[in-house]
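No lab work stands behind these numbers, since they all come straight from the coordinates. Since this is a predicted model, take the numbers as computed values, not measurements. Counting neighbours? That spans all protein chains shown, and the Cβs are built from the backbone with ideal geometry, glycine included.
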Amino acid sequence: KAGVTQTPRYLIKTRGQQVTLSCSPISGHRSVSWYQQTPGQGLQFLFEYFSETQRNKGNFPGRFSGRQFSNSRSEMNVSTLELGDSALYLCASSPGPDRLGYGYTFGSGTRLTVV
Amino acid sequence: EDQVTQSPEALRLQEGESSSLNCSYTVSGLRGLFWYRQDPGKGPEFLFTLYSAGEEKEKERLKATLTKKESFLHITAPKPEDSATYLCAVQAPTDKLIFGTGTRLQVFP
C-alpha cells in the first residue's frame, strides 16, 4: 500500500517568488492536512481539506493557500516567499474526520529553502 | 488557548535504561491525543491514539498512558534504534492537531 507522496522533496527559491507543493494521500483517504515544521516552532498547522473543502485553517498569512482535487490530491501554494518561509512542509492524510483511531499518516515532506 | 508542552526537550539514555517522556496539555474538549515518532529527514510516524483518561496502549518497548492533564510515553529497556524525536499532539473539537515541540531521545549502546 503506497504511503503519502509529497513532491518535490527539495526546493530552493528566491525571495519574492511563489511555490506550489503537491501531496498525494493514501488511496481511499479523503482528508489532507498541511503542516510547517521549523526548528524553533515545531509543527504548525496550516490547513485541512476534506472532500475538496477547507475544514480548518491555521494562523498563517494569506500568502499561504491550498486546494484539494476530486481525487483527494492536494496542493499548497506560497506566494511572495520570505526567508522565514524556509521550512519542512509536511502533508498528512487520514480516512476522514470521524476515523480518529487511524491517526494521520505523514509524508516525508518538502524541504523548502528561500534564499 | 489550546497548548501542548513536552518534557524533557532532550534525553540521553544508556541501552536498557528505562525512562518516561511527558506531554502536558490544555485543550477544551479533547478528541484524542496522539504520539508520533520522527526520524531525521522523515515525516512523523504514527504510534498511538488515546481517547480518555485511564487509557493505556502498548507497542513493543513503548507504552502510552493518559490522564486528564498529561500523557506519558514509557520506554522500557530502550535500544539504539529507539533514538528519534517523539512528538505528542492533541486534537481539539475543531479537529486541528496541536503539536508539542517534541523530545529528542538518544539511546547509546
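General observations
- Database remark: amide H of B:Phe48 closer than 5 angstrom to the amide H of B:Trp35 (H placed geometrically; neighbours at sequence offset of 5 or more, or on other chains; Pro and chain starts carry no H).
- B:Ser24-B:Glu45 pseudo-label distance in nm [points 7 Å out on the Cα-to-Cβ vector]: 3.0
- Mean separation of Cα contacts under 8 Å, 6 or more apart, over the residue count of chain A: relative contact order %: 36
- Placed amide H near A:Ser108: partners under 5 Å, 5+ positions off or other chain: A:Gln6, B:Gly43
- Remark: the range B:64-77, residue by residue, has Karplus-estimated 3J(HN,Hα) of 10, 10, 9, 10, 6, 10, 7, 10, 10, 10, 8, 10, 9, 6 Hz, where x stands for each Gly or Pro and the curve is 6.51 cos²θ - 1.76 cosθ + 1.60 at θ = phi - 60°.
- Residues of the range B:26-44 with amide N under 16 Å of a point placed 7 Å along Cα→Cβ from B:Lys68: B:26-31
- Angstrom value of the Kirkwood radius, inverse mean 1/r, which spans all Cα pairs in chain A: 14.1
- Across all Cα pairs in the protein assembly as shown, the calculated P(r) in 10 Å bins from zero up to the longest distance comes to 8, 33, 35, 19, 4, 0 percent per bin.
- For residues of A:40-46, the mean tally of beta carbons on other chains within 10 Å: 5
- Proximity of backbone amide H atoms, modeled 1.01 Å from N, is registered between A:Asn56 and A:Glu48 at under 5 Å, excluding neighbours fewer than 5 places apart on the same chain.
- Rounded to the nearest angstrom and listed largest first, the equivalent-ellipsoid semi-axes of the range B:13-109 from its Cα gyration tensor are 24, 15, 10.
- Note that the range A:30-37 has calculated 3J(HN,Hα) couplings of 10, 10, 10, 10, 10, 9, 10, 10 Hz, one per residue in order, obtained from phi through the Karplus relation 6.51 cos²θ - 1.76 cosθ + 1.60 (θ = phi - 60°); glycine and proline are x.
- Spin-label zone in the range A:54-79 - amide nitrogen under 16 Å from a point set 7 Å from the Cα of A:Ser22 along the C-beta vector: A:67-78
- A crude spin-label estimate for the pair A:Arg111 and A:Thr80, with each label 7 Å from Cα along the Cβ direction, gives 2.9 nm.
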